[in-house]
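> Could you have a look at this structure, given as structure tokens, before my questions?
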Amino acid sequence: MATLGNPKETIAVLNKYGFIFQKKFGQNFLIDEHVLEKIIRAAEITKDDCVLEIGPGIGTMTQYLCESAGKVIAVEVDKNLIPILTEDTLAAYDNVKVINSDVLKLDLKKLAEEENGGKPIKVVANLPYYITTPIIMGLFEAKVPLSSVTVMVQKEVAERMQAAPGSKDYGALSLAVQYYAKPYLAANVPPNCFMPRPNVGSAVIRLTLHENPPVEVTDEKLLFRIIRASFAQRRKTLVNGLTNSQELSFSKEEVAQALKSCAFPDAVRGEALTLQEFAQLSDALAVSGSFGKN
Ligand code: SAM
């Protein structure tokens with residue numbers, strides 16, 4: 001069994017199986033031991049952990065996870081990688097289960113409950129960048145029992161996740177992620193740590209789930225509709241953004257009245273409001289009588 005984590009072994013495995021990279025699956029395999037060690041350290045994996053890895057590739061990080069976790073569930077969409085994983089790179093481990101599926105089509109809540117008896121799992125992945133947001137929001141919104149999500153993402157996406165109000169990176173993703181978790185940027189990773197090299201910079205971000213959301217709202221769905229609508233047209237004031245939205249059906253007067261009741265300026269923009277302030281606005285609009293569209 002090859003011990004992966006360097007260019008030489010990766011090339012040997014790829015050649016042995018005649019593997020051809022598929023761009024459509026966002027395949028950029030890690031070839032740097034230091035980065036792999038950093039990810040495992042950031043995720044604080046112990047033998048008590050059940051880890052879900054999304055997109056194991058040829059199993060490079062999976063080997064590290066199998067060494068440090070109690071159990072690893074690896075979900076890979078590309079069927080050409082399955083024999084490499086099961087017959088070769090992961091064959092020596094009895095604590096791993098490989099599932100050939102599109103992760104976005106799996107019931108991850110059910111999977112996590114079945115595999116870890118309802119206890120929170122950890123997600124660790126070098127994500128396929130074309131579906132970063134749907135994967136992360138899918139995990140949160142489906143209420144998968146999670147303790148943390150430690151993932152390699154595009155550097156700009158990591159910056160958006162941890163951005164604060166007023167910064168250019170602050171937006172719907174910052175608020176959505178920070179509603180569920182506390183972000184921590186564990187490492188910046190340059191393109192030469194991957195094969196093939198991506199044409200963007202990458203970063204490892206750890207999202208530690210809140211036990212309870214940092215704000216309480218009467219209608220969580222309404223809060224997220226308001227957040228999305230507020231940033232859909234960034235340059236617009238909130239009054240215009242919220243009244244033009246397809247997802248909401250508030251009148252200009254209702255929005256103006258809600259802003260006033262929260263003591264926010266008439267011409268305030270979404271980028272100026274904190275999560276707490278969005279929650280305040282959501283509750284003010286929830287009682288204004290005209291609810292969001294379904
Ligand atoms: N973990 C490996 C590594 O670090 O070397 C590979 C990471 S690569 C960036 C992303 C992996 O996700 C690829 O193996 C790709 O085939 C897989 N993938 C892409 N879309 C997927 C999906 N919808 N469901 C599951 N896996 C997917």
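The values are calculated or read from the model by the stated rules, or taken from the named source; none is laboratory data. Everything numeric here is computed off the predicted structure, so don't read it as measured data. A quick note on method: Cβ atoms are made from the backbone with ideal geometry, for glycine too, and the neighbour counts reach across all protein chains shown.
> Just the residues that are away from the ligand (no atom under 15 Å from the Cβ) and farther than 22 Å from residue 235 by Cβ, please, taken from the stretch 145-178. Don't jump to the end; show me each part of the working.
Start the filter on the stretch 145-178 by keeping residues that are away from the ligand (no atom under 15 Å from the Cβ), which leaves 145-148, 156, 159-178.
145, 146, 147, 148, 161, 162, 177, 178 - these are the residues of the stretch 145-178 that are away from the ligand (no atom under 15 Å from the Cβ) and farther than 22 Å from residue 235 by Cβ.
> Looking for something β-branched (Val, Ile, Thr) and within 15 Å of the ligand (Cβ to nearest atom) - is there at least one such residue anywhere in the stretch 105-121?
Step one: of the stretch 105-121, the residues β-branched (Val, Ile, Thr) are 121.
Applying the additional criterion that residues be within 15 Å of the ligand (Cβ to nearest atom) yields none.
No; the residues of the stretch 105-121 include none that is β-branched (Val, Ile, Thr) and within 15 Å of the ligand (Cβ to nearest atom).
> Of 35, 72, 98, which residue is more than 8 Å from the ligand (Cβ to nearest atom), touching a helix residue (DSSP H, G or I) at 6+ places or on another chain (Cβ under 6 Å) and part of a helix (DSSP H, G or I)?
Working: 72 fails: part of a helix (DSSP H, G or I); 98 fails: part of a helix (DSSP H, G or I).
The conditions single out 35.
> Then there's this: In the stretch 128-139, which residue that is part of a helix (DSSP H, G or I) and in contact (Cβ under 8 Å) with a residue 40 or more places away in the chain is surrounded by the fewest Cβ atoms within 10 Å (Cβ to Cβ)? Please lay out each step first, then the result.
Filtering the stretch 128-139 for residues part of a helix (DSSP H, G or I) gives 129-139.
Checking the rest, the ones that are also in contact (Cβ under 8 Å) with a residue 40 or more places away in the chain come to 129-131, 133, 135-136.
Working: 129: 16, 130: 12, 131: 18, 133: 18, 135: 20, 136: 26.
That would be 130.
> Right, something else. Anything in the stretch 147-199 that is in a loop (DSSP other than H, G, I, E, B), in contact with a Lys or Arg (Cβ under 7 Å, 6 or more places away or on another chain) and of a type outside the set (Asp, Glu)? List them, or say none. So that I can check it myself, show each step before the final result.
Narrowing the stretch 147-199 to residues in a loop (DSSP other than H, G, I, E, B): 162-171, 190, 196-199.
When the remaining residues are screened for being in contact with a Lys or Arg (Cβ under 7 Å, 6 or more places away or on another chain), the result is 169, 171.
Result: 171, single match.
> Right, another one. Looking at this structure, is residue 65 assigned to a helix (DSSP H, G or I), within 12 Å of the ligand (Cβ to nearest atom), surrounded by 15 or more Cβ atoms within 10 Å (Cβ to Cβ) and not small (Gly, Ala, Ser)?
Numbers: assigned to a helix (DSSP H, G or I): yes; within 12 Å of the ligand (Cβ to nearest atom): yes; surrounded by 15 or more Cβ atoms within 10 Å (Cβ to Cβ): yes; not small (Gly, Ala, Ser): yes.
Against the criterion (assigned to a helix (DSSP H, G or I), within 12 Å of the ligand (Cβ to nearest atom), surrounded by 15 or more Cβ atoms within 10 Å (Cβ to Cβ) and not small (Gly, Ala, Ser)), residue 65 qualifies.
> Follow-up question, since we're still on this one. Return the pair list, or none, for Cβ contacts closer than 8 Å from residues in the stretch 140-153 that are touching a residue at least 12 places away in the same chain (Cβ under 8 Å) and at negative phi to residues that are among the aliphatic types (A, V, I, L, M) and part of a loop (DSSP other than H, G, I, E, B), at least 6 apart or on different chains.
Matching pairs, first to second residue: 151/127; 152/127; 153/127.
> Sticking with this one: Tell me which residues, restricted to the stretch 79-111, are within 18 Å of residue 66 (Cβ to Cβ) and in contact with a Leu (Cβ under 7 Å, 6 or more places away or on another chain).
Once the filter is applied, which keeps residues that are within 18 Å of residue 66 (Cβ to Cβ) and in contact with a Leu (Cβ under 7 Å, 6 or more places away or on another chain), the stretch 79-111 yields 89, 96, 98.
> Could you tell me whether the stretch 149-162 includes any residue that is surrounded by 14 or more Cβ atoms within 10 Å (Cβ to Cβ) and within 14 Å of residue 275 (Cβ to Cβ)?
Filtering the stretch 149-162 for residues surrounded by 14 or more Cβ atoms within 10 Å (Cβ to Cβ) gives 149-155, 157-162.
If we keep only those that are within 14 Å of residue 275 (Cβ to Cβ) too, we end up with 161-162.
Yes: the stretch 149-162 contains one or more residues that are surrounded by 14 or more Cβ atoms within 10 Å (Cβ to Cβ) and within 14 Å of residue 275 (Cβ to Cβ).
> Ok, one more. Identify all residues within the stretch 3-21 that are modelled with pLDDT under 95 and within 10 Å of the ligand (Cβ to nearest atom); write none if there are none.
4, 5
> Can you pull out the residues in the stretch 185-211 that are surrounded by fewer than 19 Cβ atoms within 10 Å (Cβ to Cβ) and hydroxyl-bearing (Ser, Thr, Tyr)?
208, the sole residue that qualifies.
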